[in-house]
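Just below is one structure, and these are the notes that go with it.
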Amino acid sequence: MSSSAKKEAILRQFRQLTNATPQDAHRILKAHGYRIEPATDAFFNDEQAQINASAPSSTLDKKTEREVKERLNALFDRFRDAGAADDDDDEEESGPSQPEDPDVISIGGALRMCEALEVSPEDVVFLPLSFYLKSPSIGTFT
């Protein structure tokens with residue numbers, strides 16, 4: 001393997017480990033002779049490099065970000081109307097139902113999503129999922 005190929009491999013490994021931007025990764029690795037351990041220590045002591053690494057643009061390029069958003073939107077669309085069928089039984093008791101909000105996954109959709117993901121809604125795994133999807137209340141996603 002050539003010297004430049006080794007440096008690229010080290011750069012990839014460093015970026016996977018730290019999520020550093022390409023610019024910060026090159027700068028830090030070059031300053032530490034392309035040695036992973038000292039460069040990693042330097043990264044975690046470099047406040048600006050950590051701020052840059054946490055910025056959304058450093059984790060995904062624009063094409064990948066667009067693809068991820070499209071997949072998430074497709075997943076959302078798959079489950080957002082699921083609550084309407086579950087609520088039909090209660091319509092006689094409570095009178096006419098109000099139209100469902102098209103931008104919400106209701107409890108029925110959340111249960112179907114859990115079933116598709118093979119996760120129980122009572123499982124502790126559902127809590128971080130709810131957090132990252134910014135669920136405004138239990139079993140509801142917007």
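For the range 69-106, filtered to residues that are surrounded by 12 or more Cβ atoms within 10 Å (Cβ to Cβ), in a helix (DSSP H, G or I) and out of contact with any Lys or Arg (no Cβ under 6 Å at 6 or more places or on another chain), the residue that is modelled with the highest pLDDT is ARG78. The combined condition, being in a helix (DSSP H, G or I) and either modelled with pLDDT under 85 or assigned by TED's automatic domain parsing to the domain that holds LYS7 (or both), is fulfilled by SER130. LEU17 meets all of the listed conditions (1) closer than 19 Å to ALA55 by Cβ; (2) not in a helix (DSSP H, G or I) but one, namely (2).
The number of residues in the range 121-135 being under 16 Å from GLY108 (Cβ atoms) and β-branched (Val, Ile, Thr) comes to 0.
Of all the criteria given as (1) modelled with pLDDT under 95; (2) assigned to a loop (DSSP other than H, G, I, E, B), the one not satisfied by TYR34 is (1).
Going residue by residue through the range 56-63, is there one that turns out to be closer than 30 Å to ALA39 by Cβ, among the acidic types (Asp, Glu) and modelled with pLDDT under 80? There is at least one residue in the range 56-63 that is closer than 30 Å to ALA39 by Cβ, among the acidic types (Asp, Glu) and modelled with pLDDT under 80.
The values are calculated or read from the model by the stated rules, or taken from the named source; none is laboratory data. Since the model is a prediction, treat every value here as computed from it, not as a measurement. Ideal geometry is used to build each Cβ from the backbone, glycine not excepted, and the neighbour counts take in all protein chains shown.
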